[in-house]
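First comes the structure, then the notes that go with it.
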Amino acid sequence: MKIASFVVLVVLLNGLLSWSNNLPQDVGPDVPSGKLNSLSFAPYREDQGPLDKKFPTPEQIDEDLHLMGEKTHSIRTYASAEGSMPLIPALARKHGLTMIQGAWLGSLKIDNKIETAELIRSANENPDVVKRVIVGNEVLLRGDLKPEQLVEYIREVKRSIKQPVSYADVWSMYMKYPELIKEVDFITIHILPYWEDEPITVDEAPAHIERIFKQVQKEADAIAPGKPILIGESGWPGEGRQRGWSVPSVVNEAKFIRALIKVANENGFDYNIVEAFNQSWKSELEGVVGANWGLYSVDRKEVFPLTGPVYENPNWLKSLIASTALFLVIAAYYWKPLQSLSSSRTAFFLLFAQLLAWLLVNMAESLWYTSYSDWQRLQTLLTVGLNAILAGLILHRGHGLLAHNAANLKFGAWIYTLYIIFAGYAIYKTFGLALNGRYISFPSVAVYIPVVGMFGLMAIRYITERSLKAVEINHLAGHQNSQADHNKIIGYALLALGMTLIIWETKAFVVSRDFVLAYPNIGERIGVAFIFSVTNYQLIMWLICLAVLALPLLACDNKTGKPLK
């Protein structure tokens, strides 16, 4: 009865915490009529993308445009000649959609010629659908073309069609190359607060958009008064790496979209939201964050609604059921051995088991959701499998400590080996983050089990021995290993890379063009950049993980390899 009572209490506590952390949230006023002005449309699905030249079928595009007809009045496309893209105008007409059609320009003249030729043909043959065209997307930002080369393509298209012609890039490119304002019929700017050199919170984003639009409008009026401006891209990622104070999440994405529409309607701004569907293929270029800007997931499920409250994780109940089921299996396995423990030790063990089960289930869900290729999914299965084995071994060792059982050296050796593997994984990931981490997500979720598991074993040891003087990994694992020097090297490497990561994050802001303009004084610029870095909660969580992983490796005697007393 004692064990059964504790199991029920733990299950209820898990349910209460899961429910309270996944309540529906108010993200702002509903979208009027539930429809958007315009949406960026790329019809790629899982395992499709322009990089691999794998394109959707006409039937798939037709299905997507049926969804778009319910969500938006217009769509913006980025390429005209690739794969099945030439079919889009006719299918858009079928679903009552108009288009802002684009031609994708790059560094290869032959490809650019094909794209512009198809754009011209499509615009002339579908004037009722193609209302505006955009020649090139962020080609100056990428450095694929020089301004004078871009201007030639713009002029060629303007000579050949009747629709208004533009070029799309981040707003600062029009400030850098004001001669473009004269060439285009309307100015297309991208305002993406998440990617700004000085990233801001989602609550500050609406005012930022209004300020930037009016700044560009003022500059443009000095050159070509009254020229129309289109916000060609604006949005917020629903998943991925935090930048400064810009935090990707589903709730933040929904909050941003609704606030953007409110600002646009109040000021009469013309806008296009990026984007309709999550794009798995973009993860190869921009990581997890690049693949998660859509109103729909890659399998065409709505990420969040345009009206009503929003859930950060609408599938939380499935995760709760899975973690509860796993916990009950663990409880059943240890039911008889737990009968010999005191009430307090039984309660602690069951809470510890439920925590590890919850971490394992949520890690599996998170990593699988952000795996976009067979190789990434294989990595996820390996990571989850190793974590599951380590969690099982840690629970076995934890029960042994609580019951004062002799340590199983074989199990201890496995715990030690897996712990070193995860420490090495952390070093590898941190090195990548420090070297070039703009698009790399912080991998904290993959090491929560070794981190929390080690904390749990230390707590159990305190319960049984009332001592925290010795926290060395070999002792906690019940494994004798004299490689103290090796352990210390790994531990110091974890701490050193953590410090390097803070320096890199700070430097990335300090050298950014717009950040330099905003803070010309180097001292002030470093100070603000440092604040951005140390208030990044994802970064801080990763640094905590590194520190916890390092501590047991550092707490041993160089001469004997035994725990420090």
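SER533 fulfils the conditions (1) under 23 Å from the mean Cα position of the chain (by Cα); (2) assigned to a loop (DSSP other than H, G, I, E, B) except for a single criterion, (2). Filtering region 132-174 to residues that are touching a residue at least 40 places away in the same chain (Cβ under 8 Å), open to solvent by less than 50 Å² (accessible area, probe 1.4 Å), over 21 Å from PRO89 (Cα atoms) and in a helix (DSSP H, G or I) leaves LEU150, TYR153, TRP171, SER172, TYR174. Those helices (runs of 4 or more DSSP H) of region 1-115 in which 1 or more residues are at pLDDT 95 or above, of a type in the set (Phe, Trp, Tyr) and more than 30 Å from GLN354 (Cα to Cα) are absent.
Within region 201-239, the set of residues being open to solvent by 30 Å² or more (accessible area, probe 1.4 Å), of a type outside the set (Ser, Thr, Tyr) and within 30 Å of ASN536 (Cβ to Cβ) comprises ASP203, GLU204, ALA207, GLU210, ARG211, LYS214, GLN215, GLU239. Scanning region 258-294 for residues that are closer than 16 Å to HIS73 by Cα and out of contact with any Pro (no Cβ under 9 Å at 6 or more places or on another chain) turns up ALA264, PHE269, TYR271, ASN272, ILE273, VAL274, GLU275. Hey, any hits in region 442-453 for a residue that's closer than 23 Å to GLY398 by Cα, open to solvent by 10 Å² or more (accessible area, probe 1.4 Å), modelled with pLDDT of 95 or more and aromatic (Phe, Trp, Tyr)? So far as region 442-453 goes, yes, one or more of its residues are closer than 23 Å to GLY398 by Cα, open to solvent by 10 Å² or more (accessible area, probe 1.4 Å), modelled with pLDDT of 95 or more and aromatic (Phe, Trp, Tyr). Residue count for region 175-190 under the criterion of being in contact with a strand residue (DSSP E or B) (Cβ under 7 Å, 6 or more places away or on another chain) and assigned to a helix (DSSP H, G or I): the result is 2. The requirement of being open to solvent by 20 Å² or more (accessible area, probe 1.4 Å) and under 17 Å from LEU17 (Cβ atoms) is fulfilled nowhere in region 375-389; no residue meets it. Given the structure, is LYS301 without any contact (Cβ under 8 Å) to a residue 40 or more places away in the chain, farther than 22 Å from ASN362 by Cα, surrounded by fewer than 20 Cβ atoms within 10 Å (Cβ to Cβ) and among the basic types (Lys, Arg)? Considered against the rule, which asks whether it is without any contact (Cβ under 8 Å) to a residue 40 or more places away in the chain, farther than 22 Å from ASN362 by Cα, surrounded by fewer than 20 Cβ atoms within 10 Å (Cβ to Cβ) and among the basic types (Lys, Arg), LYS301 comes out as no. If you filter region 489-511 down to residues that are surrounded by fewer than 17 Cβ atoms within 10 Å (Cβ to Cβ) and hydroxyl-bearing (Ser, Thr, Tyr), you find that the one that is nearest to the chain's Cα centre (by Cα) is THR500.
The values are calculated or read from the model by the stated rules, or taken from the named source; none is laboratory data. For clarity, every value in this text was computed on a predicted model and none was experimentally measured. Cβ sites come from the backbone with ideal geometry, for glycine too, and all protein chains shown count toward neighbours. Ligands, DNA and RNA are stripped out before the accessible areas are found, and what is left, the full protein with its side chains, is counted by its heavy atoms. Shrake-Rupley method; radii C 1.70, N 1.55, O 1.52, S 1.80 Å.
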